[in-house]
Amino acid sequence: MGELQGKRVLLVEDELFIAMHAEEILRDLGAEVIGPANSLREAWSFVENETFDCAMLDRNLNGELSDELAQELKRRGVAVILATGYGSIASDRGLTVVSKPYDENMIAAAFRSVMKERSLGLE
């Protein structure tokens, strides 16, 4: 597909097999994957030391929510999607959410949506 061709994507996911699957999807979409980070602490380290265009964040990392990280990334102009296995989340913070289990089409559509919003200044 190539929706993320030339984009650097931060991947934050605490489950090894899910992270491997997500990394494969992101690479198939043309992304250069940064990470995966498996904790919020590691994710914040990437934020401080790397540059990227997009981020795919697991919402619940070993009991810690990634919502604050997502908001900071959005503030910095990074296109962000949250992934969750806990059903739908009220999107009161304006975050795009994909439900697990997800597939390549779902991830591609979510990133198309957030990148379109970002380019239109709808954040």
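Observations on the model:
- Placing unit charges on the Cβ atoms only, positive for Lys and Arg and negative for Asp and Glu, gives segment 8-103 a dipole magnitude near 300 debye about its Cα centre.
- 9 Å beta-carbon shell around Ile25, net charge (K/R +1, D/E -1): -4
- For the chain, the share of alpha carbon pairs falling in successive 5 Å distance bins from zero is 2, 12, 25, 27, 22, 10, 1 percent.
- Net charge contributed by nearby residues that have their C-beta within less than 13 Å of Ile34 (K/R +1, D/E -1): -4
- Entry note, the chain: the mean residue ellipticity at 222 nm calculated from DSSP H runs of n ≥ 4, each adding -39500 (n - 2.57), is -12500 deg cm²/dmol after division by the residues and rounding to the nearest 500.
- Prolate/oblate/rounded label for segment 1-67 (Cα gyration tensor, a/c 1.5): oblate
- Within-11-Å neighbourhood charge of Asp58 [Cβ basis; K, R +1; D, E -1]: -2
Laboratory data are not the source of any read-out in this text; all were calculated from the coordinates shown. Keep in mind that this is a model prediction, so the values were computed, not measured. Note that each Cβ is placed from the backbone with ideal geometry, even for glycine, and that neighbours are counted across all protein chains shown.
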